[in-house]
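The values are calculated or read from the model by the stated rules, or taken from the named source; none is laboratory data. Just so you know, these numbers come straight off a predicted model, no measurement behind them. FYI the Cβ positions are ideal-geometry reconstructions off the backbone, even for glycines, and counts take in every protein chain you see. The accessibility values were calculated without ligands, DNA or RNA, using every heavy atom of the protein model including side chains. Shrake-Rupley method; radii C 1.70, N 1.55, O 1.52, S 1.80 Å.
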Amino acid sequence: MAFNFHRATEGVVLANSHRGFSSCCPENTFPAFEAARKAGTHCIEIDVHLTADNQLVVTHDHRIDRVSTGQGFVEQMTLPQLRAFDFGVRYHPAFAGTEIPLLADVLRWAVEHGMGVIVEAKQRRRHEAFVTTMTALLRAQPDAISHIQLLGFNHVLINQVQAQIPALVLQVVTLERYNNQLAAVQQSNAGCVCFEYEFAHVDDLRAYKKAGLGVRMFLHSTKNGRDPLTQYQEQFGYDSRPEILSWLREGLIDMLSHDDIPYLQSLIEEAGLRWS
C-alpha cells in the first residue's frame, strides 16, 4: 500500500524525524530509524551518497569523520571500506558496532513497516552514475517507490531520476522567496515543498496547497538546549509560535521535521491536531 505523506486535510500532521530519531540515537542509522518508528512516527528523512563502487549509502556529510571512527570522503571510498568503521560509537558506546546503512536495506525496512522515507540526494559529482544507480535500485524494489519522496537542493539531479521513474514524487527545498514562488516550485516538477521559517510566507503556503502540493516545514536543530521556536525568537526578535500554530491549524503543513520527536508531537498537539 502506498504511503500517504499529505494528510493535513484529515487533521494529521506527520512528525517527520530528521535523520531518524537523531536526538537520542546516532543519526542516519538503523537504531535511529527503529527508535523513530517505536516513538510513533511514520515518516523519516535520510541522506544518501554514492560510494566509489556505486553503492547508495545513508549518511549526511560528504566526509565520515563526524559520525564514524573513520576519516575521508564517502564518494572516494568503497562499501567494504566504509563498513570497516563504526557509525555508532562516537555518539555513545551503547551503539558500538553500528554500520553505515545501505539505502536498499532502508527501503525494504520502510515497506515492511509501512513507513514513509524522504530521501535527500547529497551527490556533488558523478551525477550520471548516481542517476543510473538510483534508477536501478528503484526498479529492483518497485514497492518502495510509493513509500519515498526524493528530495534535493539540486533540482536538476532529482529530475533526472524522475525522468527514468515517472511515478517517483519529488520534494524540493526552497531557501529563498522568489517573485513567483509557486511557479519556481512547479518548474522543478515538485509534488512536495520543504521550507524553513526564515523564508516562509503564508501566501506561498496557501498557493502550494491550492495547487495540490504537499508541504514540509523543517525546524532547525537546537543549540545550547534551546528549542527551535525559542531560537527563532532570539534570531528574529519576535515569537513565531502563534504564526506557526496558525499555519498548522489552517492545514498548510503536512509534515513537521526536526531531530526531537516528542517536541514535534507536542507542537502538533498544541495546534489541536494529530500526528498519527
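In region 147-158, what residues are among the aliphatic types (A, V, I, L, M) and surrounded by fewer than 22 Cβ atoms within 10 Å (Cβ to Cβ)? Listed by number, the residues that qualify are V156, L157. What's the total number of residues in region 241-274 that are under 14 Å from A15 (Cα atoms) and either among the aliphatic types (A, V, I, L, M) or buried (at least 20 other Cβ atoms within 10 Å of the Cβ) (or both)? Total satisfying the criteria: 15. Scanning region 117-151 for residues that are under 21 Å from E75 (Cβ atoms), assigned to a loop (DSSP other than H, G, I, E, B) and over 14 Å from the mean Cα position of the chain (by Cα) gives Q123, R124, R125, R126.
Hey, among S68, S22, which residue is at pLDDT below 95 and of a type outside the set (F, W, Y)?
On the way: S68 fails: at pLDDT below 95.
Only one candidate qualifies: S22.
From the set of residues in region 1-34 that are in a loop (DSSP other than H, G, I, E, B) and touching a His at 6+ places or on another chain (Cβ under 8 Å), which is surrounded by the fewest Cβ atoms within 10 Å (Cβ to Cβ)? Among them, the one singled out is A2. Taken over region 55-80, the criterion of being open to solvent by 40 Å² or more (accessible area, probe 1.4 Å) and in a strand (DSSP E or B) is satisfied by R63, F73. Listed by position, the strands (runs of 3 or more DSSP E) inside region 152-264 whose residues that are in contact (Cβ under 8 Å) with a residue 60 or more places away in the chain, under 30 Å from L56 (Cβ atoms) and within 22 Å of the chain's Cα centre (by Cα) number at least 2 are 192-196, 214-218, 255-258.
Hey, could you check region 133-146 for residues that are in contact (Cβ under 8 Å) with a residue 60 or more places away in the chain and open to solvent by 10 Å² or more (accessible area, probe 1.4 Å) and say which is farthest from M1 (Cα to Cα)?
The first filter runs over region 133-146 and keeps only residues in contact (Cβ under 8 Å) with a residue 60 or more places away in the chain, leaving 133-134, 137, 146.
Adding the requirement that they be open to solvent by 10 Å² or more (accessible area, probe 1.4 Å) leaves 133, 137, 146.
Working: T133: 25, L137: 19, S146: 8 Å.
Among those residues, the one meeting the criterion is T133.
One line per residue, one yes/no per condition, for (1) at pLDDT 95 or above; (2) open to solvent by less than 60 Å² (accessible area, probe 1.4 Å):
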{"site": "E176", "(1), (2)": "no, no"}
{"site": "C194", "(1), (2)": "yes, yes"}
{"site": "R206", "(1), (2)": "yes, no"}
{"site": "A211", "(1), (2)": "yes, yes"}
{"site": "D227", "(1), (2)": "no, yes"}
{"site": "D239", "(1), (2)": "yes, no"}
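With respect to the conditions (1) surrounded by fewer than 22 Cβ atoms within 10 Å (Cβ to Cβ); (2) farther than 23 Å from F218 by Cβ; (3) touching a residue at least 24 places away in the same chain (Cβ under 8 Å), E112 falls short on a single one, namely (3).
Of all residues in region 189-241, exactly one satisfies the criterion of being of a type in the set (D, E) and within 18 Å of S23 (Cβ to Cβ), namely D227.
With respect to R37, is the statement that it is surrounded by 15 or more Cβ atoms within 10 Å (Cβ to Cβ) and basic (K, R) true? Spell out how you get there, then give the answer.
On the way: surrounded by 15 or more Cβ atoms within 10 Å (Cβ to Cβ): yes; basic (K, R): yes.
Taking the combined requirement at face value, the residue satisfies it.
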